[in-house]
Amino acid sequence: MTRPRRVAAGAGAAVTGQVRLLRRLPAEQFAFRGLMLLTGAAALLIAPGGRLILPGLVALVAVPALLAGVLSPDGGAPAVVLGAAAGAWTIRYGVATAPFDATLAVAAALAVHHSTAALCAATAPTSRIEPSVVVRWAGQLAAGLAVAGGVAAMLRLLGRPAASVPLELAGVAATVLVVAVPVVLARRG
Amino acid sequence: MARRPRGRPEIRLAAPTRALLEGERVDAVVTVTAADRVDIASVVLLTPAWLVPDGAPLAQAVAVGAGDEVELAFRLHCQRWGRRQLGPAVLRATGAHGMLRCGPYASGVGLVTTWPLREEFVATDALPRAAGLVGLHGSRRFGEGTDIAGVRPFTPGDRLHRVNWRVTQRTGRLHVTSTYSDRDAEVVLVLDSRQDLGRPPVSSLDTGVRAAAAIAEHYLREGDRVGLVDIGQHLRRVRAGNGRTHLVHLLDVLLDVRPLHWYDLSERAAIQLGTASLPAAVPAGALVVMLGPLAGEAAFRLLAGLARTGRSVVAVDTLPADAGPESDTLWTGLAYRLWQLEREGDIVQLRDLGVPVVPWRGAGSLDQVLRDVSRAARAPRLRR
């Protein structure tokens, strides 16, 4: 008299699964995913600098990725959001001097989005997060933001050199080297 | 990166080792140990059906210091009887500020046993043909028997061969050795597990198993002998016995009860043969309590056969009140109504044969019925 229920198939099943997952999220997971959504949306809003035609379109394309990243942060969606925000920013300003406040806001939003996505990806979706983990995560994030803010403030006080393409490329290359070299060395060790 | 973890973290699962009761809450403890610091240790405990988390989710993220051992307790609620595998617990570790990840690492698994005892069954002591002072098996009542109950002072009426001379000599007063009386009351539980109607955890099989466990516990506690026949599984019989060990044995057998699938044709044929020979296998003086949804001709035929051979038979109807067909087509309702009418007619015929049919209502379900059966068993019989 009892029969197994038919399993919903296709896209409908995926949506149902995601809705069911959202209902089961504990409060802390909900808060962190909310923070991801807020910071990602802020970065995608600020990065085009009010220009809708090309930078705005690039940011708009990343909106589905933002939603997908909130639902499954361990996938590639958060990277798409970061890339789209950086791309929109580069297209908007190129080698021209960007406004200081907007730069700082985009950088902070992207840093928080990235860090929150990493935390959510490291925990199971239905997982409770111990306060010690949150404290450690918040400390690391705050330290990173403080260092970046300090450097930015110092640069503002020192004054900026004139915009130049080779200088910007050299800066990007130096940043990549500073981050990548220790990682490669550590992995070899 | 300089302080990145070099060894892999370990995970262990400690499942409850004792048998649990339905509705009981229990902790499963997962231990995570790491030689180096782990920023985030994400632990997920996999649980079977009917062993559900009690409030908190079954996943937790913790930080583990170098050389530390972190214990995580997951509270579980046992909702249904059975033997189930708990675990494994799965660990994924993240270190070096999220740059390094490892896992998943799985712990071992545990076996959780949940006994089908939810409510206490109480019945009047009206057992048909309970020969109080004869037989081979002990009861809890004092009287003439072989099992020693203790030593007590002599009272008028005690037999002289019961005098315990050693104690009498030591105390200076006459003492006798008292014994338990031997009883010959035997209860045979016949469980019809061929079908499982309704939705777990209140399906017909659930009710049948719980009722069988409760009745067995009650009569074994009273010192009677209880046997079990599962007609859903060929040759699955437990001989009548008594005592606590026998109860554990019965519960152990009940844990493995499964309904038959429609494609188990050879099993069905074997069961039909076994069912046909059942009346001959049940002792003449035993009280037969059949538990099942009373669905299908075979169950009624078996009950009628037992009643015609002069045995005291009680049928416990375990069909849930809300059981019904799942699909709702044009003819489903009508067909179900016809089935119900046919079933009610069969139950009336059973009653005419002297087999009381009672729905299971927990404690006291069988009081009135047992009194009636007992009275009927004591009445003079006409031998044909």
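Quick note: the coordinates plus some simple rules give every number you see, no bench work behind them. Keep in mind that this is a model prediction, so the values were computed, not measured. Because the Cβ atoms are built from the backbone with ideal geometry, glycine has one as well, and the counts that use them run over all protein chains shown.
For this structure, a couple of remarks:
- Spatial separation of Cα centroids for segment A:78-97 and segment A:109-141, in angstrom: 24
- Unit charges at the beta carbon, dipole of segment A:13-161: most positive-side option, A:Leu60, A:Ala47, A:Leu110: A:Leu60
- Among B:Trp331, B:Ala307, B:Gly345 the positive-end extreme of the charge dipole of segment B:303-363 (Cβ point charges): B:Ala307
- Computed from backbone phi with θ = phi - 60° and the Karplus coefficients 6.51, -1.76 and 1.60, the 3J(HN,Hα) list for segment B:194-211 is 5, 10, 10, 9, x, 10, x, x, 10, 7, 5, 5, 4, 4, x, 5, 5, 5 Hz; x is used for glycine and proline.
- Chain lengthening between B:Asp352 and B:Gln169 when straightened (0.36 nm per residue, less Cα-Cα): 59.6 nm
- Distant-in-sequence amide H partners of B:Gln195 (H built 1.01 Å from N, under 5 Å): B:Leu260
- FRET efficiency, 1/(1 + (r/R0)^6) with R0 60 Å, evaluated for B:Leu160 and B:Glu71 via beta carbons: 0.40
- Spacing of the two label points (7 Å from each Cα toward its C-beta) at A:Ala14 and B:Trp339, in nm: 3.9
- The calculated FRET efficiency for the pair A:Arg156 and A:Val135, based on their C-beta separation and a Förster distance of 35 Å, comes to about 0.65.
- Summary value for segment B:10-115: 38 percent relative contact order, contacts being C-alpha pairs under 8 angstrom separated by 6+ residues.
- Note on segment B:10-115: Cα-Cα pairs beyond 21 Å make up 35% of the total pair count.
- DSSP-loop trypsin sites (Lys or Arg not before Pro) across segment B:11-109, with at most 15 other Cβ within 10 angstrom: B:Arg18
- Added length on full extension, which subtracts the Cα-Cα distance from 0.36 nm per residue, B:Val109 to B:Asp252: 49.4 nm
- Alpha carbon centroid spacing (whole Å) that separates segment B:149-175 from segment B:27-96: 62
- Listed residue (B:Val112, B:Ser42, B:Ala61) projecting farthest to the positive dipole end of segment B:10-115, Cβ model: B:Val112
- About the centre of its Cα atoms, segment B:10-115 shows a dipole size close to 380 debye [charges on the beta carbon of Lys, Arg (+1) and Asp, Glu (-1) only; nearest 20 debye].
- Efficiency of FRET between B:Thr146 and B:Ser277 - r from beta-carbon atoms, R0 35 angstrom, step 0.05: 0.60
- Added length on full extension, which subtracts the Cα-Cα distance from 0.36 nm per residue, A:Ala31 to A:Ala174: 48.0 nm
- The per residue volume of the convex hull around the alpha-carbon atoms of segment B:175-236 is 84 Å³.
- Hz values of 3J(HN,Hα) by residue in segment B:68-74 - Karplus curve (6.51, -1.76, 1.60), Gly and Pro given as x: 7, 10, 10, 9, 10, 9, 10
- Rounded to whole Hz, the Karplus (6.51, -1.76, 1.60) HN-Hα couplings of segment B:305-320, x for glycine and proline: x, 5, 5, 5, 7, x, 7, 7, 10, 10, 9, 9, 7, 10, 5, x
- Simple Cβ-charge dipole of segment B:186-377, Lys/Arg +1 and Asp/Glu -1, about Cα centre, in debye nearest 20: 520
- About the centre of its Cα atoms, chain A shows a dipole size close to 700 debye [charges on the beta carbon of Lys, Arg (+1) and Asp, Glu (-1) only; nearest 20 debye].
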